[in-house]
Amino acid sequence: MVLLAGIFITTLDFFIVNVAIPATQEDLHATPAATQWVVAGFGLAVAAGLITAGRLGDIYGRRRMFAIGLALFTVASAGCGLAGNAEMLIAARVVQGAAAALLMPQVLGIVNVLYVGEQRVKAFTAYGLAMGFAGVFGQLIGGALIQADVLGLDWRSIYWINVPVGLVALVLVPRVIPETRGEGGTRLDPVGTVLVTLGLVAVVLPLVQGREQGWPLWTWLSLGVAPLLLGAFTLYQRRLAGNGGAPLVDPALFRERPFSVGITTALVYGLVNAAFFLILALYLQLGHGMSALDSGLLFIALGVGYFLSSAVSGRIAAGLGRQVLALGALVQGAGQVVLVETVSNTHETLWLIPGLALTGFGMGLVMGPMAATVLAGIGARHAGSAAGLLSTAQQVGGALGVALVGIVFYDTLGDAPTTGTFGDAFVNGLWLLTAFCAVVAALVQLLPGRRAGSVAVGAAAEPAEAGVSVGRVEVPA
C-alpha cells in the first residue's frame, strides 16, 4: 500500500490540477502563460528526470530514492499550497515534478525485483489500478475538494491533500519496503544524463507549449534538435558500454525483443489516455457548461469499467498472454466508437455512460499487464533504468498525444465554438485515438512467441543478482 500511495498521489497531481486552473488563475492574478506553466512545468520535470531517476535507484537503492522522492514531493506540495504568486507556484510544481520522477520508476523497479509468479501478476495489476484510478477520478476528486472548500483553502486543497498522505507513507517506508539495488560498483553516467535530459526537454517542451503559442519558430527548432541530442545519447551509451563503462541505459536492454517492442507499444498507448481525458473534460465543461464536479461525476462510469477489468485482468492475462493488451486496446477503441455514435446522435450527456464504461474496461485490461509485459525478464541490475524508460515512454507518449489530438480538436472547434462544434471536435479526436488503439493491438503481435505475454506477465525477474537485498519483509502492493 505504501508503494501504491506514492504512485497514486504523483499520478493524481498530473490530472487534478486541471480542475483548479480557473480558481488558481483568478486568485493569483496569473497570466495565461503562467497558468500554462503550472501544468507544463510539472509534466516537463517528470519526463526529463525519469530515466536518470531509475538509474539512481539501481545505484543508491530504490527504497532510498523512493523515500527521498516522496519526502521532496510532500514538501513541494506544501509549497504549492502556500504559494503567494504564480511564480512561486510554478517553481513548486517543477520541484513536484522532479520528485515524482525520482519516485515513480522506483515503484516499478521494486515490484519487478521482489515479486515472482502469481504475486507478481497481482502486484502489477494493483499498480495499474492505482495509476488508472488516479487518472480516472482525478477530476472528480479535484472538483469535490474545491466544492467542499475545506478550511477555506479553495484550490489549494488539491495540493494540501498530499501532505498527510506523504507523511504517513514516509513513516511506513523503512518498516515495510526492503532495500534493493543493482550490482555493486555501478555508477552514474553524467554525460549521458545531460544528453538525455536535454533531448527529452527538447521533445516535450514544444509539445506542451507549441499549440498554445501558435507553434512559433523555437518549437520547430527544438523538435529539430531533439533527434540530434537523443542520437548523440544513443551513440555515447553504445560507446560507453563497449569500453566497459556504466551507461545510463545499457544498450543490451534493447536487444531483448519483448522490451524493445514493449517500450514502443507503451509509447503508442501513451498517446491515448492523457488526450482522452483532456478532450472529454473540454467537451463536458466547455461544450455543455458542466462544472468540474458535475463532469467529474460522469467519469465514475469510466472508473467502474476500469475497476471491473483491472480486477480480472490478471486472470485474463494468464489465459490470453500478450493478447490481453491487444484485447484491451480493441475494447477501448470500441468504447470510443460507441461514444462517437452517441455524440453524433444526441446531446444528452447521460447517454455517454455506456461508451465511457466500455472505454474504461479496455483501459483496465491494458494498464496493469503493460508494465509486467515490458519489464518481464529484466534483472535487478537494470530494473530501475528499465522502469525509468517505461515511465518516460508513457510520459512522452502522453505529451505527444495531447499535442496531436489537440491540433485535431481545436482545428475542428474553430474560432466561434458552439455545443455542436464541440461535439464535432470531440468526435474527430476520438477517431484519432481509436486509430492509436488499433496500432497498439498490431504492435502486440510483434512480441515474440505465440503466447509471449503469458510468460511476460507472470515471469519472474532475477532477484538473486549480486547486490540485491530482498529480505524477508512482505511488501503489500
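Taking the stretch 329-369, how much of its Cα-Cα pair set, in percent, is spaced more than 14 angstrom apart?
42
Give me the dipole magnitude in Debye, nearest 20, for the chain about the Cα centre, with unit charges on the beta carbon: positive for Lys and Arg, negative for Asp and Glu. Write out the running numbers ahead of the final one.
Working: 22 positive and 23 negative charges, 347 e Å.
Here the chain has a charge dipole of around 1660 debye.
Between Val38, Ala246, Ala78, whose Cα lies farthest towards the positive end of the dipole of the chain when Lys and Arg beta carbons carry +1 and Asp and Glu beta carbons carry -1, centred on the Cα centre?
It is Ala246.
Would you mind calculating the gained length between Ala442 and Asp27 on full extension (0.36 nm times residue separation, minus the Cα-Cα distance), in nm to one decimal?
The span from Ala442 to Asp27 would gain 144.7 nm if fully extended.
Placing one identical point scatterer on every Cα of the stretch 92-170 and ignoring solvent, what is log10 I(q)/I(0) from the Debye formula at q = 0.14, 0.16, 0.22, 0.26 Å⁻¹?
Each listed q corresponds, in turn, to -0.64, -0.80, -1.17, -1.29.
Between Leu284, Ala334, Val324, whose Cα lies farthest towards the positive end of the dipole of the stretch 249-360 when Lys and Arg beta carbons carry +1 and Asp and Glu beta carbons carry -1, centred on the Cα centre?
Ranked along the dipole, the leading option is Val324.
Computed from the mean reciprocal separation of all distinct C-alpha pairs, what Kirkwood hydrodynamic radius does the stretch 93-235 have, in Å?
19.2 Å is the Kirkwood radius here.
Based on Cβ point charges of +1 for Lys and Arg and -1 for Asp and Glu, what charge dipole magnitude is obtained for the stretch 162-301 about its Cα centre, in debye rounded to the nearest 20? Provide the component values of the computation, followed by the final result.
Details: 8 positive and 7 negative charges, 64 e Å.
Value, rounded to 20: 300 debye.
How many nm separate the modelled label positions at Val312 and Val39, each set 7 Å beyond the Cα in the direction of the Cβ?
Rounded to a tenth, the inter-label distance reads 3.5 nm.
Mind grabbing the base-10 log of I(q)/I(0) for the chain at q = 0.05, 0.06, 0.09, 0.14 Å⁻¹? Debye formula, identical points on the C-alpha positions, no solvent, two decimal places.
So the normalised log intensities work out to -0.17, -0.24, -0.56, -1.47.
If one computes P(r) from the Cα atoms of the stretch 268-420, what percent of pairs lie at distances over 27 Å?
29
Can you divide the C-alpha Rg of the stretch 69-125 by 2.2 N^0.38 Å and report the result to two decimal places?
Against the empirical 2.2 N^0.38 Å value, I get 1.55 for the stretch 69-125.
Hey, any idea what Rg/Rh is for the stretch 149-205, computing Rh the Kirkwood way over Cα pairs?
Reported Rg/Rh (Cα atoms, Kirkwood Rh): 1.21.
With the dipole of the chain worked out from charges on the C-beta (+1 for Lys and Arg, -1 for Asp and Glu) around the Cα centre, which of Leu400, Ala100, Ser344 lies farthest toward the positive end?
The one lying farthest along the dipole's positive direction is Ala100.
Roughly how many nanometres apart are two label points built 7 Å out from the Cα toward the Cβ at Trp215 and Ser344?
Result: 2.7 nm between the two label points.
Would you compute, from DSSP H runs of 4+ residues alone, the mean residue ellipticity of the chain at 222 nm, taking -39500 (n - 2.57) per run and dividing by the full residue count, rounded to the nearest 500?
That calculation yields -27000 deg cm²/dmol at 222 nm.
Scaled to the compact-protein estimate 2.2 N^0.38 Å, what is the alpha-carbon radius of gyration of the stretch 1-113, rounded to two decimal places? Spell out each step's value before the answer.
Working: Rg = 14.4 Å, N = 113, 2.2 N^0.38 = 13.3 Å.
Scaled against compact globular proteins, the figure is 1.09.
Which order do the peptides 64-72, 83-91, 217-225, 157-165 take when ranked by the mean count of other beta-carbon atoms within 10 Å per residue, highest first?
Packing order, densest peptide first, comes out as 64-72, 157-165, 83-91, 217-225.
For Asp411 and Val171 in the same chain, what is the full-extension length gain: residue separation times 0.36 nm, less their Cα-Cα distance, in nm?
81.5 nm is the gain from fully extending Asp411 to Val171.
Can you tell me the length gained on complete extension of the stretch Leu253 to Ser291, counting 0.36 nm per residue apart and subtracting the Cα distance?
Taking 0.36 nm per residue and subtracting the Cα distance, the gain is 9.0 nm.
FYI, it's all coordinate maths here, none of it is from the lab. Here the structure is a predicted model, which is why all the values come from computation and not from measurement. As a convention, Cβ positions derive from the backbone with ideal geometry for all residues, glycine included, and neighbour counts pool all protein chains shown.
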